[in-house]
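S.K.: Before we start, here is the structure in question, set down as structure tokens.
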Amino acid sequence: MADRRGLARIGARAVGGVIGVGIAVAAVAGATLLPLPDFAIGAPAQTVTPVPADQQRVCPGPLLQLAADAGEATRPSAVGTPTFASAAEGADVDITSLKPDADTASREQAPQVASVATPRNATKPPLFAAAQMQSADADDLAGLAAAACAEPAADTWLVAGSTALGQTSLVLLSNPSEVDATVDLTVFTESGTVDAPGAAGILVPARSQKVVPLAGLVPSAAATVVRVQTTGGEVAATLQQSFEQGIQPRGAELAGPTGGPARQQIVPGVTITSTDAIQGEQSAEGVGFAFPVVRLLVPGKTDAQVTVGAVGETGTAVGNSYATTVKAGQVAEIPLDHLKDGSYTVTVNSNVPVVAAVRTSVIGTKARDFTWFASAQELQDDLLASIPSGADATIHFANAGEADTTVTVSRTRPGGTPTKIVVPAEGGSLARLGPGAYRITGADGLRGSVSFAADGRASSFALSPPGPLAAPITVYPN
């Protein structure tokens with residue numbers, strides 16, 4: 001009897017265990033089948049809109065010359081005073097000076113900084129432009145030099161310069177910020193990249209300009225390209241080049257930044273003049289400095305297959321095209337022969353990224369000069385152009401698109417009659433302008449430049465779109 005009661009107890013426990021397991025299984029199944037209430041904690045975040053910094057345009061200042069005394073051969077001094085022009089739409093322009101790295105006679109000979117405050121809630125910066133112009137006529141430095149006052153940048157390409165006999169090239173580094181900038185220069189020549197002591201770690205103090213003579217880094221280079229890279233503060237970089245043949249000055253120029261490496265470079269407004277006189281000076285040994293050329297550099301490691309095309313702007317006949325191979329790392333120049341006097345859009349197409357600029361010369365009745373034309377960036381729909389006084393000015397537009405574009409150029413002051421310029425597809429157009437400030441509309445996707453001319457004098461600068469404002473950012477605290 002006792003055994004039966006024990007078996008009954010064991011059986012009851014087994015049945016209870018089975019029931020318990022069944023209940024547990026049912027609970028788990030119910031948990032997986034029934035919807036659970038939503039519960040989530042979002043990461044704390046806050047959207048912050050940075051306070052817009054003032055827009056800045058940095059003007060390189062007057063032309064400089066090095067001392068004739070061998071003991072002071074690297075000490076620059078200012079020659080004359082440039083004319084400045086600036087304009088902003090709906091804002092005031094504040095002008096300040098940087099500390100010059102040259103001997104000067106007045107504050108007007110210092111590099112200038114034009115600034116415009118950007119409203120806090122602005123979706124785009126106010127239209128703003130500044131430029132300078134100088135005509136020098138010293139015994140050993142003469143020429144017309146115009147420059148657009150540029151935004152500071154951390155990476156700039158200067159396609160210009162030479163340290164051959166009679167050539168003087170100076171890299172002008174202007175730091176408008178409140179912190180010091182450290183600059184590294186990479187110099188390329190016709191022989192390749194130059195490993196030059198003193199080209200790295202150049203200190204440009206805050207609110208100052210630093211002048212670097214290129215001959216101290218690369219003596220006897222026929223053709224140079226300089227890459228300017230910075231840490232700390234950003235700088236505005238310009239290359240001043242002057243030429244003296246014997247005791248006769250043969251021109252001076254301020255070459256601004258050119259477009260960064262790309263497989264297509266477009267140079268608007270290339271002006272060819274004095275063709276007969278220049279060709280009459282050429283020798284059987286090759287073209288001289290006055291002959292128009294395209295200067296190219298392949299900054300990568302692969303040789304480039306390059307095609308250069310020159311298309312005449314309105315009123316100029318169609319130009320020629322040139323095909324060649326450019327070795328990687330070496331500066332090359334392609335002569336623009338068979339071009340008649342006129343204005344052209346020069347386009348460089350390459351299978352690998354290149355940088356490019358064009359140099360031309362002018363011979364007048366009593367003087368001569370040369371000009372560097374930089375490759376230009378695509379413009380936005382609206383912009384301002386500031387034209388300083390001192391020489392006849394021409395505005396140029398190049399259209400790489402497949403449809404004609406109409407641009408409207410209007411003086412910013414009341415009373416002016418707007419000028420409409422039709423820029424043909426895959427072509428270019430121009431218009432003469434007087435000094436002053438101009439609003440340009442309808443220029444989206446075009447490239448632009450302004451050229452200046454007088455008897456035996458010439459210069460040019462490219463039009464550039466403004467840099468973007470800082471965008472709102474989302475901050476996630478730790």
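S.K.: Using label points projected 7 Å from each Cα along Cα→Cβ, tell me how many nm separate Asn320 and Arg432, to one decimal.
M.R.: 3.0
S.K.: Under a crude label model (7 Å from the Cα following the beta-carbon direction), how far is Thr182 from Lys99 in nanometres?
M.R.: Modelled inter-label distance: 1.9 nm.
S.K.: While we're here: Calculate what fraction, in whole %, of the accessible area of segment 103-225 sits on carbon and sulfur atoms when a 1.4 Å probe is rolled over the protein chains. Spell out each step's value before the answer.
M.R.: Details: 2400 of 4780 Å².
It is 50 percent, rounded to a whole number.
S.K.: Report the charge-dipole magnitude of segment 400-470 in Debye, nearest 20, computed about the Cα centre from +1 at each Lys and Arg Cβ and -1 at each Asp and Glu Cβ.
M.R.: Roughly 420 debye, rounded to the nearest 20.
S.K.: What does the net charge come to around Asp444 if you take all other residues with beta carbon closer than 11 Å to its beta carbon, with K and R at +1 and D and E at -1? Please report the intermediate quantities before stating the final value.
M.R.: Numbers: positive: none; negative: Glu378, Asp381, Asp382.
Every neighbour counted, the sum reads -3.
S.K.: Still on this model: Loop only per DSSP, at most 11 neighbouring Cβ atoms within 10 Å: give me the trypsin sites (Lys or Arg not before Pro) in segment 350-396, ordered by residue number. Kindly include the intermediate steps, with their values, before the conclusion.
M.R.: Numbers: sites: Arg359, Lys366, Arg368; in loops: Lys366.
Answer by residue number: Lys366.
S.K.: Note down the relative contact order for segment 293-340 as a percent, whole number, built from C-alpha pairs under 8 angstrom at least six residues apart. Spell out each step's value before the answer.
M.R.: On the way: 79 pairs, mean separation 23.9, N = 48.
Relative contact order comes out at 50 percent.
S.K.: Can you tell me how much longer the chain between Arg107 and Asp392 gets when fully stretched, taken as 0.36 nm per residue apart minus their C-alpha distance, in nm with one decimal?
M.R.: Details: separation 285, 0.36 × 285 = 102.60 nm, distance 2.72 nm.
Result: 99.9 nm gained on full extension.
S.K.: Moving on to the next point. Solvent-accessible area per residue for segment 361-478 at a 1.4 Å probe radius, Å²?
M.R.: Numbers: 5370 Å² over 118 residues.
Accessible surface, normalised per residue, equals 46 Å².
S.K.: Near Phe84, within a Cβ-to-Cβ distance under 11 Å, what is the net charge of the other residues, with Lys and Arg +1 and Asp and Glu -1?
M.R.: On the way: positive: Arg57; negative: Glu108.
Cβ neighbours under 11 Å give a net charge of 0.
S.K.: Arg263 versus Asp140, label points 7 Å from Cα toward the beta carbon: distance in nm?
M.R.: Distance between the two pseudo-spin positions: 4.8 nm.
S.K.: Along the positive direction of the dipole of segment 301-410 (beta-carbon charges: Lys, Arg +1; Asp, Glu -1; about the Cα centre), which of Ala398, Val306, Gln380 reaches farthest?
M.R.: Projecting each Cα onto the dipole axis, the largest value belongs to Val306.
S.K.: Would you mind working out the accessible area per residue for segment 120-231, using a 1.4 Å probe, and quoting it in Å²?
M.R.: On the way: 4260 Å² over 112 residues.
About 38 Å² of surface per residue is accessible.
S.K.: How charged is the neighbourhood of Arg432? Take every other residue with its Cβ under 13 Å from the Cβ of Arg432, and add Lys/Arg as +1 and Asp/Glu as -1. Each step should come with its number before you reach the end.
M.R.: Details: positive: none; negative: Glu313, Asp392.
Here the count lands on -2.
S.K.: Using a 1.4 angstrom probe on heavy atoms only, work out the carbon and sulfur share of the accessible area of segment 243-384 in %.
M.R.: On the way: 2900 of 6000 Å².
C and S fraction of accessible area: 48 percent.
The values are calculated or read from the model by the stated rules, or taken from the named source; none is laboratory data. Computed from a predicted structure; not experimentally measured. A quick note on method: Cβ atoms are made from the backbone with ideal geometry, for glycine too, and the neighbour counts reach across all protein chains shown. These accessible areas exclude ligands, DNA and RNA; they are computed on the full protein's heavy atoms, side chains included. Shrake-Rupley method; radii C 1.70, N 1.55, O 1.52, S 1.80 Å.
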